[in-house]
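Report on the following structure.
The values are calculated or read from the model by the stated rules, or taken from the named source; none is laboratory data. Owing to the predicted nature of the structure, the values given are computational and were not obtained by experimental measurement. Virtual Cβ from ideal backbone geometry, glycine too; neighbours counted across all protein chains shown.
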């Protein structure tokens with residue numbers, strides 16, 4: 001999105017009155033969002049237990065962070081979560097959209113409503129619900145596995161070091177795939193139907209026209225979906241917090257959970273702020289990288 | 001995709017059956033939630049997929065009264081309504097300014113607003129907490145209302161400004177020629193024309209505010225001020241063993257969202273995808 005060019009409007013009066021339209025919203029925003037953002041940067045350069053006066057220590061927090069093993073574990077887990085937050089929902093979403101786009105309208109609307117439902121839910125509550133669904137003793141998920149004769153794999157999902165990350169990730173996939181599908185479905189409606197007719201004349205079959213027409217045409221949607229889901233995975237907190245609190249051990253620790261533990265449990269606010277700032281920088285970097293990468297792709301393909 | 005010679009025939013029956021199974025599996029967690037919320041504890045032991053002998057609606061009463069969900073529900077309502085209204089009104093003002101007016105530092109202010117849209121709340125929750133502590137706002141409705149209004153400002157502004165820029169210029173010019181003041185143009189001409197955009201935005205703010213977790217988790221620790229998702233979390237901590245009442249509570253939290261979603265889903269999905277493709 002680019003900054004809007006000031007349009008010459010009949011409503012534009014020179015003079016002080018214009019600013020009055022911006023000030024109320026801007027003041028609230030500045031007070032409760034922007035000042036805290038700036039303060040977070042400052043706090044990250046201090047050592048502070050939340051009570052006394054913050055002691056300025058320069059970049060020490062950041063230097064310590066780069067030698068902090070738990071931080072790398074958190075980053076590594078986050079990288080694995082990206083598979084569940086972005087890659088799998090994107091693939092499921094695009095395939096589903098391809099299939100569902102040729103289903104009759106009314107049936108399509110009902111299916112869309114079902115697939116999209118998880119996305120409107122509060123993720124914190126979903127976390128609590130899935131904690132119960134996954135419960136090893138009385139959870140419905142393991143009861144189902146036992147009922148169909150798969151007792152051997154009825155694991156204590158959220159307590160298992162190997163399986164906890166995929167188990168939490170699966171909930172994220174379930175949450176996001178309907179959203180991905182809906183965005184792709186809208187994108188497909190934009191594609192000129194005559195392209196498909198032309199492809200059919202050229203002898204392209206279903207999969208070929210999907211691969212050569214639908215997929216390239218959906219590049220803008222793929223970029224948006226990638227952007228939103230990657231950022232959501234870096235920002236992930238609610239779901240993981242309510243399901244595992246980052247455990248067992250550090251198995252589902254991500255930077256935001258680490259930040260919460262450091263700040264609100266260990267009172268190391270300066271260090272916690274440094275973690276938060278690094279996450280924010282990663283969000284910016286990913287945003288930039290996806291924009292750049294997609295632009296290069298646009299240029300080579302089209 | 002089944003593209004045969006001639007017209008699109010639609011996918012074959014097996015594919016449609018798989019689609020439907022997939023659709024139903026997607027919502028099974030909610031079905032289980034509803035089912036469990038009307039079971040008794042002994043029913044629960046008979047298996048997760050077994051129907052209870054008769055529905056135990058008293059679980060809802062337990063959640064509502066003993067589980068304090070009535071308080072949490074009221075708090076959620078009391079916070080969502082002002083957040084939506086104030087965000088929309090302020091968004092109309094700032095959107096109007098960004099769409100039509102010139103003012104100093106317009107570009108800088110725009111950049112400052114977009115920064116707020118990208119930085120995760122987690123990144124500044126610590127200073128926000130201390131600022132609120134300093135302003136004596138911790139454990140008030142105000143802290144939850146004002147912070148969420150502030151966080152909705154960037155999106156509200158961009159959304160409104162882009163909707164206003166799509167309005168036909170002639171209508172606005174005609175109104176000005178007729179001698180309407182700017183306030184009159186904004187409230188009598190623009191606002192009515194923007195009703196679809198306003199209702200989409202209200203829907204977003206309703207759902208986002210209803211679902212918000214981190215802010216009420218950190219900024220409020222008085223049980224009487226907790227909103228539904230946080231209340232649910234602390235309820236779970238206290239009564240882990242009482243699954244039927246816990247699931248009844250979960251239904252209370254998500255029921256309003258489901259109802260609103262089912263009524264307005266077309267509007268919601270169109271608004272979301274329109275916003276996403278910009």
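Among the criteria (1) closer than 23 Å to residue B:232 by Cβ; (2) facing chain A (nearest Cβ under 10 Å); (3) surrounded by fewer than 24 Cβ atoms within 10 Å (Cβ to Cβ), the one residue B:109 does not fulfil is (1). Look at (1) surrounded by 13 or more Cβ atoms within 10 Å (Cβ to Cβ); (2) part of a helix (DSSP H, G or I); (3) touching a helix residue (DSSP H, G or I) at 6+ places or on another chain (Cβ under 8 Å) and you find that residue B:24 fails only one, number (1).
Residues that are surrounded by 14 or more Cβ atoms within 10 Å (Cβ to Cβ) and more than 8 Å from chain B (Cβ to nearest Cβ) within the range A:186-212 comprise A:188, A:191, A:195, A:199, A:204, A:208, A:212, listed in sequence order.
If you check B:79, B:38, which single one turns out to be in the same structural domain as residue B:234 (by TED's automatic domain parsing) and either touching a residue at least 12 places away in the same chain (Cβ under 8 Å) or crowded, with 19+ Cβ neighbours inside 10 Å (or both)? Please lay out each step first, then the result.
Details: B:38 fails: in the same structural domain as residue B:234 (by TED's automatic domain parsing).
Of B:79, B:38, the one residue that is in the same structural domain as residue B:234 (by TED's automatic domain parsing) and either touching a residue at least 12 places away in the same chain (Cβ under 8 Å) or crowded, with 19+ Cβ neighbours inside 10 Å (or both) is B:79.
Quick one: which of B:103, B:96, B:57, B:49 is more than 12 Å from chain A (Cβ to nearest Cβ) and either surrounded by fewer than 18 Cβ atoms within 10 Å (Cβ to Cβ) or over 30 Å from residue A:235 (Cα atoms) (or both)?
Values: B:103 fails: more than 12 Å from chain A (Cβ to nearest Cβ); B:96 fails: more than 12 Å from chain A (Cβ to nearest Cβ); B:49 fails: more than 12 Å from chain A (Cβ to nearest Cβ).
Of B:103, B:96, B:57, B:49, the one residue that is more than 12 Å from chain A (Cβ to nearest Cβ) and either surrounded by fewer than 18 Cβ atoms within 10 Å (Cβ to Cβ) or over 30 Å from residue A:235 (Cα atoms) (or both) is B:57.
None of A:228, A:218, A:266 is in contact with a helix residue (DSSP H, G or I) (Cβ under 9 Å, 6 or more places away or on another chain) and loosely packed, with under 14 Cβ neighbours inside 10 Å except A:266. Applying the criterion of being more than 7 Å from chain A (Cβ to nearest Cβ) and either assigned to a helix (DSSP H, G or I) or touching a helix residue (DSSP H, G or I) at 6+ places or on another chain (Cβ under 8 Å) (or both) to the residues of the range B:116-135, the residue that is surrounded by the most Cβ atoms within 10 Å (Cβ to Cβ) is B:125. Among helices (runs of 4 or more DSSP H) entirely within the range A:75-173, having at least 1 residues that are under 21 Å from the mean Cα position of the chain (by Cα) and at pLDDT below 95 singles out A:88-100, A:105-116, A:123-133.
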